[in-house]
Amino acid sequence: MGTIGNESKAKRFGKAAIDIVSFAALAVIIITIISVPFAAVLLKLGKEEADTMSYFILSETLMLAGVFLSAWIVWHLRGFSLEGLGRSLTMRWKDWLSGILLATVLYAVGFGISLWAGAVEIAGVAFNPSSLLISLVFFLLVAVTEELALRGFVLERLLQSGVNKFCALFLSAALFSLIHIGNPNFDILSFINILLAGILLGSSYIYTRNLCFPIALHWFWNWIQGPVLGYEVSGNKFCNGLLALRLPEANLINGGAFGFEGSVLCTVLMVVGTGLILKIHGKRVISG
C-alpha cells in the first residue's frame, strides 16, 4: 500500500471512513434536534393536503441545515480549512446552465422515446404556475442537500484520502443509491439507475471539485421528472405535474410505479450522459 505524506493510504482511507460515518450520525442527531421546535408545524402541514408542499419545503430546509452543520463540525474537528466546502460551492454560472441543459436534453430524449413507443400517454394538462414555482424551490433544496452531503462531503473526503477518483466516485454513488432504498417500489433496477445517477452527478466533480453542475443537473432532473412531466420522483409523488400521465402497463420502458428512474431508458441515458461528461472533462485535462 502506497503512502501520501507520512501516512499510508489505508490509514487515510480509514480516517475518511470514520469522518463519513461521523458525518451521517451527526446529521441524523442534529436534524432530529432542530426539528423538535417545528414538530407541531410539521404535523399540521403533513395532515393538510393543501399544505403538503410547504411541509416538504420546511422538512428539506431543516435537513439542509443539519447536513451543513454536520459537515462543518467534522471539517472543523479534523482541522481542515473550510475552503474544501466553500470551494465546492463557488458560483460557476456556465456549470449551472450546462447542468440544466443536460437534464432538459436527457428528458427530451427519454420522454420522447417513451411517447413514441407508446409506453406512456398524456392524459391531460394542468398549468398551475404557483405549484410549478413552489416545487422548483423544493427540488432546489433537495439538490443542494443531497449534493452537499454525497458529493461535497463524501466524495470530497474520499478524494482527499487518496482514493482513486473513479473508485471514490463509485463508492459515493453506491451510498447515494442506498439512501433511497426505503423509497416506495424500490427494486434492483431502481438501485442500479440511482447508482448510475450518482456516478453521473459526481463525474464532473472529480475534475472540478465544484458542486454547481451536479446541483443544477440534480435540481432540474427531479423537477422536470415530477412537477413537469408527471412521473414519480424516485418512487415518490410530491405533487401533481403539468402533465398527467397514463401508463398502458407498467414495464421496463416507463419504469412503472417508481417513475422514469425505474426504466431501462433511464439506464441508457445515465450511461450516455456520464460518458459525455467524462469525455469532455478528460479532454480538458489533457489539453490543460
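For the chain, the solvent-accessible area with a 1.4 angstrom probe is 48 square angstrom per residue.
Rounded to the nearest 500, the 222 nm mean residue ellipticity of the chain from helices alone is -21500 deg cm²/dmol, with -39,500 (n - 2.57) taken per DSSP H run of at least 4 residues.
FRET efficiency for the residue 251 to residue 178 pair, using the beta carbon distance and R₀ = 25 Å, is estimated at 0.45. Within the accessible area of the chain, what % is carbon and sulfur when the probe is 1.4 Å and the other protein chains stay in place? In the chain, the share of accessible area belonging to carbon and sulfur is 70 percent. Counted as membrane-span-like here are DSSP H helices of the chain whose alpha-carbon atoms extend 24 Å or more along the helix's own axis and whose Kyte-Doolittle mean is 1.0 or above; these are 9-35, 52-78, 93-117, 129-147, 264-287. Spin-label pair residue 65-residue 280: with each label point 7 Å from Cα along the Cα-Cβ axis, the two points sit 3.6 nm from one another.
Listed values (i) 0.98; (ii) 0.94; (iii) 1.01 include one computed from this model; for Rg/Rh (Cα atoms, Kirkwood Rh) that value carries the label (i). Decide, for region 109-151, between rounded, prolate and oblate: order the square roots of the alpha carbon gyration tensor eigenvalues as a ≥ b ≥ c, take rounded if a/c falls under 1.5, and otherwise choose prolate if a/b is larger than b/c, else oblate. In terms of gyration-tensor shape, oblate. Between amide H atoms placed 1.01 Å from N, distances below 5 Å from residue 244 occur with 123, 124, 125, 126, all of them 5 or more places distant or on a separate chain.
The values are calculated or read from the model by the stated rules, or taken from the named source; none is laboratory data. The structure displayed is predicted, hence computed values, not measured ones. When we count neighbours, we look across all protein chains shown, and the Cβ atoms used for this are built from the backbone with ideal geometry, even at glycine. Areas reflect the complete protein model, heavy atoms only, side chains present, ligands, DNA and RNA absent. Shrake-Rupley method; radii C 1.70, N 1.55, O 1.52, S 1.80 Å.
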